[in-house]
There are 2 protein chains.
Amino acid sequence: MKVHYECFSCIASQCQKIVEMGTEDLGVRKRGILRAAKAIAEMKEDSIPAVIGSRVFLEVYDAIGNDDPFREYKELSNRLAEKVVSDLERENIDLKTALKLAIIGNVIDFAVGYSPERIEEDVRSMLGEELYIDNSDELFNRLSGAKILLYLTDNCGEIYFDRLFLRKIREEFPQLKIYIAGKEGPIINDATVEDLRRAGLEEIGEVISTGTRIVGVPFGLVSREFMEVFEKADVIIAKGQGNFETLSERKDGRIFYLLKAKCRPIARELNVPQGSLLCVRSPFGP
Amino acid sequence: MKVHYECFSCIASQCQKIVEMGTEDLGVRKRGILRAAKAIAEMKEDSIPAVIGSRVFLEVYDAIGNDDPFREYKELSNRLAEKVVSDLERENIDLKTALKLAIIGNVIDFAVGYSPERIEEDVRSMLGEELYIDNSDELFNRLSGAKILLYLTDNCGEIYFDRLFLRKIREEFPQLKIYIAGKEGPIINDATVEDLRRAGLEEIGEVISTGTRIVGVPFGLVSREFMEVFEKADVIIAKGQGNFETLSERKDGRIFYLLKAKCRPIARELNVPQGSLLCVRSPFGP
């Protein structure tokens, strides 16, 4: 997916959030923003939003001298999500519900003054929502015949919902070799390999790094080791917008996108109403 | 005033609004935004927000091939404000209330689905608000001893509130030679000399152009004719944020700023709470 016209101001707003989270010093915030204003000039007709965005963010990190401005935010997200998921795990959840929970986990902003009780309420109310596109039967069908699953994670917090879903996948399709990929280092609130390990995902599958801090699966920037896994996987589950943005033009039928179409560009690209919950198989073929 | 860290994302949001107002064509919107992303790289440590903003906006105008994207918005603002002001004019309004109305006229976004009745309600409720800094006695005192007043307008719509205030000034200080300045050409929703003429301001004073489309009074870009008036004026009334941004560092005690501190940078600069209504004399002296 290439940038849409809305991506510019969205990236700019995220830069503001980054400097606000990264430092209290107004002068340093300004230094970060001036760097962002320089870096965003690299945005081109065919830029991928997740990639140009990440590049700008990393410039800001460098300018403000903070390599992980979302650290506290991510820790809070993980803590709250773990609590909510551990309550849900006591119930007898089926595979389809676990899939929906993995999408819902992508939606919730855990760290904005939320109590675990409120989050649980929100999660339960969202479970009542229908998926706008639901290719989950096809996904499960393909998983039953697959040898290798690559699971591309997205954000902190959300990864505990992924864990719930992956445990169900593990139970239902015990033949699967599962790889679970996270980012090589901190970038906004994305889960790093470290976060995945701390969430205990190594008990379910092999935790691997994409080899880059750039959001999504930016070809040319991911590591060779990651590409080997990507190429041999029979099924790929890609969580969230960043993975969609970087993969959508591959027309790779092995990929199933699990996401909420949060912003207008993504909704426009997928031709769905903004806000839709989706489990959609990638279009495929030459 | 120099850019604060929040100015980047604010300018980016305004660019998005400009392309949305300027064209329905998604491809053209994107072209405008890509130009904005290039142009904003010119933002520097000591840029003035109104100036760098205007420069970026004019690049976007050029890229989308629309020299006045706010045309309809401005027409609607003028029409609604004229209606509201003509109702207010039937009442016996004193000079101080007229000054407050001129500030309130700067605040109201006339064109967002507003009925004249709703606007009137809002105006009357805001009249109950105290000015956070009120140097109006000093302003009136200086006007009574002055020969030349320069009145720097800001937005469309608002100019009808300015007209009301200027009529009261005309009545109370009949000795004054009044100059009323507008922009040379369209820039966002700012009032052009054309708008001032159409609002009948020539009956009250001499309508002049700043000589530039850049918002505010950007020294070096305003015309020589404008500078002559600026230099000979005894009192200068400067409406809105753009005029403040471009003039604040002059420390020119002839200037009285009438504005609402809408954004955090302006509020921070003036050391007032965000949202304050202000009639504040410029600090002065070397």
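The values are calculated or read from the model by the stated rules, or taken from the named source; none is laboratory data. Just so you know, these numbers come straight off a predicted model, no measurement behind them. Here Cβ is always computed from backbone atoms with ideal geometry, including for glycine, and neighbour counts include all displayed protein chains. Ligands, DNA and RNA are stripped out before the accessible areas are found, and what is left, the full protein with its side chains, is counted by its heavy atoms. Shrake-Rupley method; radii C 1.70, N 1.55, O 1.52, S 1.80 Å.
List of remarks:
- Taking 7 Å steps out from each Cα toward its Cβ at residue A:250 and residue B:117 produces label points 5.9 nm apart.
- When the Cα convex hull of segment A:175-286 is projected onto planes of every orientation, the mean area is 7.6 nm².
- DSSP-assigned coil residues among trypsin sites (Lys or Arg not before Pro) in segment B:1-90, each with at most 11 further Cβ atoms within 10 Å: B:90
- Across the options B:271, B:219, B:236, the greatest Cα extent toward the positive end of the charge dipole of segment B:142-286 (unit charges at beta carbon of Lys, Arg, Asp, Glu) belongs to B:271.
- Cα-based equivalent ellipsoid of segment A:178-220: semi-axis lengths in Å, sorted from largest, via gyration tensor: 18, 12, 6
- Estimated D of segment A:117-209 in µm² per second, where Rh is the Kirkwood radius over Cα pairs and Stokes-Einstein applies at 37 °C, 0.692 mPa s: 227
- Mean separation of Cα pairs under 8 Å and 6 or more residues apart, divided by the residue count, gives segment A:15-83 a relative contact order of 43 percent.
- In degrees, nearest ten, helix A:26-39 long axis to first principal axis of chain A (Cα): 70
- Over 32 Å (Cα to Cα) - which of A:96/B:30; A:44/A:260; A:168/A:260; A:83/B:17 fall in this group: A:96/B:30; A:83/B:17
- Under the criterion of Cα pairs below 8 Å and six or more residues apart, the relative contact order for segment B:112-216 equals 24 percent.
- Above 37 Å, the calculated P(r) of the protein assembly as shown contains 43 percent of its Cα-Cα pairs.
- Normalised convex hull volume, segment A:39-143, alpha-carbon set, Å³ per residue: 161
- FRET efficiency for the pair residue B:24 and residue A:71, taken as 1/(1 + (r/R0)^6) with r the Cβ-Cβ distance and R0 = 35 Å, rounds to 0.25.
- Label-point gap, in nm, between residue B:45 and residue A:144 - each point 7 angstrom along Cα→Cβ: 6.7
- Pseudo-label separations to other copies for residue A:283 - Cα-to-Cβ vector, 7 Å, nm: 6.0
- Label distances, nm, residue B:20 versus same residue in remaining copies, Cβ-directed 7 Å point: 1.9
- Computed over protein heavy atoms with a 1.4 Å probe, the carbon and sulfur contribution to the accessible area of segment A:1-86 reaches 48%.
- Only Lys, Arg, Asp and Glu carry charge here, each on its Cβ (+1 for the first two, -1 for the last two); on that basis segment B:83-230 has a dipole of about 440 debye about its Cα centre.
- Cα long-axis angle, helix A:49-64 against chain A (0 to 90 degrees, to the nearest 10): 50
- Each stretch of four or more DSSP H residues adds -39500 (n - 2.57); spread over every residue of chain B, this sum gives -15000 deg cm²/dmol at 222 nm.
- 1.4 Å probe accessible area per residue over segment B:44-173, in Å²: 44
- Take residue B:129, push a point 7 Å out from Cα through the beta-carbon direction, and compare it with the same point in every other copy: 3.5 nm, smallest first.
- For the chain pair B and A, the interface hides roughly 2500 square angstrom of accessible area in total, found with a 1.4 Å probe.
- For the residue pairs A:38/A:232; A:2/A:177; A:183/A:232, the alpha carbons lie more than 31 Å apart in A:38/A:232; A:2/A:177.
- Rg/Rh ratio calculated on Cα atoms of chain B (Kirkwood radius): 0.95
- Choice from A:58, A:99, A:26 with maximal GNM fluctuation in chain A (Cα, 10 Å cutoff): A:26
- Going from the isolated chain to the complete set of protein chains, segment B:1-23 loses at least 50 Å² of heavy-atom accessible area (1.4 Å probe) at B:5, B:8, B:9, B:16.
- Charge sum, other residues only, whose C-beta stays under 15 Å from residue A:264's C-beta, Lys/Arg counted +1 and Asp/Glu -1: +2
- Mean sequence separation of contacting Cα pairs (under 8 Å, at least six apart), scaled by the length of chain B, corresponds to a relative contact order of 20 percent.
- Interface burial in segment B:40-59, defined as at least 30 Å² less accessible area with all protein chains than with the chain alone at a 1.4 Å probe, covers B:41, B:43, B:45.
- Between the listed residues A:247, A:7, A:43, the Cα displaced farthest toward the positive end of the dipole of chain A, a dipole computed from Cβ unit charges relative to the Cα centre, is found at A:43.
- GluC sites (Glu not before Pro) lying in DSSP loop within segment A:19-112, provided at most 16 other Cβ fall within 10 Å: A:24, A:45, A:91
- For segment B:172-252, the carbon plus sulfur part of the accessible surface works out to 43%, probe radius 1.4 Å.
- With the simple model of a label 7 Å out from the Cα in the direction of the Cβ, residue A:129 to residue B:234 spans 6.5 nm.
- Rolling a 1.4 Å probe across the protein heavy atoms gives segment A:210-278 an accessible surface of 36 Å² per residue.
- Charge tally for residue A:116 (other residues, Cβ to Cβ under 12 Å; Lys, Arg +1; Asp, Glu -1): -3.
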